[in-house]
Structures are given as structure tokens and as C-alpha cells.
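Participant: Here it is: the structure, laid out below.
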């Protein structure tokens with residue numbers, strides 16, 4: 001193979017090969033999920049024993065399966081609290097058996113708290129309930145939490161069918 005003289009510089013083919021290798025390495029080191037931005041969801045757990053989301057008369061949360069979430073909750077004291085100082089709870093219950101989703105049993109203290117969470121993998125209509133008896137209206141402190149299926153991009157082989 002004959003090499004041309006480029007004044008001590010790498011040949012154009014070598015430059016392209018190095019650029020391709022660097023791009024390939026970058027793509028291998030950055031998983032697709034890591035590129036997904038975390039969505040902030042703001043909820044108020046109110047003194048009237050109600051969950052509230054600004055702009056919604058009937059609060060509900062809709063997410064995508066496995067979505068990264070930063071749940072920012074402002075908890076305002078109702079009439080009662082737990083011995084540990086928690087004034088409200090935020091527990092996500094599965095649609096099938098109404099059991100808590102692991103990692104989603106949160107105890108809320110007065111003020112603003114943030115929780116880094118991942119949405120459940122299984123789509124469905126979940127229920128958020130308060131797990132701290134906060135007042136006489138405690139039983140009505142709930143809201144819908146809808147998990148939609150992940151949207152996946154079709155493979156090139158499926159597009160060309």
C-alpha cells in the first residue's frame with residue numbers, strides 16, 4: 001500500500017478513521033436512557049388534606065413507563081401528624097392488587113422535599129394515597145397516577161418493510 005506524503009500530517013483516511021472510532025466510543029459510553037432528561041413534577045400536599053397540582057382542578061400525574069422523575073412535594077401541615085414528624089404520606093399503589101410500589105412509600109415532613117424516582121415499568125392507572133392520618137378528610141387524599149407504555153423507535157428493518 002502506497003502512502004502519500006502530507007507533510008508529516010495523517011492521511012485523510014486516517015483522520016476519518018480516528019473520527020469514526022471516537023464517535024463510536026462516545027456512543028458506546030452514553031446509554032440512550034442517560035440522555036433522557038429528568039422531569040420535575042410539583043405537587044402540594046395541602047392543609048385541607050388534598051393533593052394539588054398547579055393548573056389542574058382534579059390533580060393527576062401522567063408519566064411514561066420507566067421515566068426518570070424528580071417529585072417535588074410541598075407539604076403543608078393539616079390537623080394531625082405522626083410521631084416521627086411526618087404530616088402527610090405519598091404512596092403509589094399498583095392497579096392490580098393495590099399494594100405499594102417499592103420505593104414509592106414516601107413520608108412527608110413540613111416544607112419542600114424532593115424525591116428522585118423512576119416510574120413503574122408496567123403501564124396502568126395507579127393510585128396515590130396519603131398514608132398519614134392527617135385530618136378527618138384523610139380518606140379523600142388521593143389522586144390518579146397514570147403510567148403510559150414506553151414509545152420505542154421502530155428498527156430500520158421494520159421501516160423498510
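Participant: Please list, ordered by first then second residue, the pairs with beta carbon atoms under 6 Å, 6 or more apart or interchain, first in the range 121-134 and in contact (Cβ under 8 Å) with a residue 60 or more places away in the chain and on the phi < 0 side of the Ramachandran plot, second crowded, with 17+ Cβ neighbours inside 10 Å and assigned to a loop (DSSP other than H, G, I, E, B).
Facilitator: The qualifying pairs are 130/141; 134/49; 134/78.
Participant: I'd like to know if the range 55-66 contains one or more residues that are out of contact with any strand residue (DSSP E or B) (no Cβ under 6 Å at 6 or more places or on another chain), assigned to a strand (DSSP E or B) and at pLDDT below 95.
Facilitator: yes
Participant: Which condition does residue 101 not pass, out of (1) free of Cβ contacts under 8 Å to residues at least 40 places away in the same chain; (2) over 23 Å from residue 150 (Cβ atoms); (3) outside any loop (DSSP other than H, G, I, E, B), if it passes all the others?
Facilitator: With (1) free of Cβ contacts under 8 Å to residues at least 40 places away in the same chain; (2) over 23 Å from residue 150 (Cβ atoms); (3) outside any loop (DSSP other than H, G, I, E, B) applied to residue 101, the lone miss is (2).
Participant: Between 78, 116, which is in contact with a strand residue (DSSP E or B) (Cβ under 8 Å, 6 or more places away or on another chain), more than 17 Å from residue 49 (Cα to Cα) and touching a residue at least 24 places away in the same chain (Cβ under 8 Å)?
Facilitator: Of 78, 116, the one residue that is in contact with a strand residue (DSSP E or B) (Cβ under 8 Å, 6 or more places away or on another chain), more than 17 Å from residue 49 (Cα to Cα) and touching a residue at least 24 places away in the same chain (Cβ under 8 Å) is 116.
Participant: Still on this model: Can you find a residue that is in contact with a strand residue (DSSP E or B) (Cβ under 9 Å, 6 or more places away or on another chain), exposed (fewer than 12 other Cβ atoms within 10 Å of the Cβ) and without any contact (Cβ under 8 Å) to a residue 40 or more places away in the chain anywhere in the range 142-160?
Facilitator: no
Participant: Name the pairs: first residue in the range 4-17 and in a loop (DSSP other than H, G, I, E, B), second residue modelled with pLDDT under 70, Cβ to Cβ under 7 Å, at least 6 apart or on different chains?
Facilitator: 11/3; 11/4
Residues checked against (1) touching a helix residue (DSSP H, G or I) at 6+ places or on another chain (Cβ under 9 Å); (2) under 24 Å from residue 78 (Cβ atoms); (3) modelled with pLDDT of 95 or more; (4) not in a loop (DSSP other than H, G, I, E, B):
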residue: 106; (1), (2), (3), (4): no, yes, yes, yes
residue: 112; (1), (2), (3), (4): no, yes, yes, yes
residue: 117; (1), (2), (3), (4): no, yes, yes, yes
residue: 125; (1), (2), (3), (4): no, no, yes, yes
residue: 134; (1), (2), (3), (4): no, yes, no, no
residue: 139; (1), (2), (3), (4): no, yes, no, yes
residue: 143; (1), (2), (3), (4): no, yes, yes, yes
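The values are calculated or read from the model by the stated rules, or taken from the named source; none is laboratory data. Keep in mind that what you see is a predicted model, and the values were worked out from it rather than measured. So basically every Cβ, Gly included, is an ideal-geometry build from the backbone, and we count neighbours across all protein chains shown.
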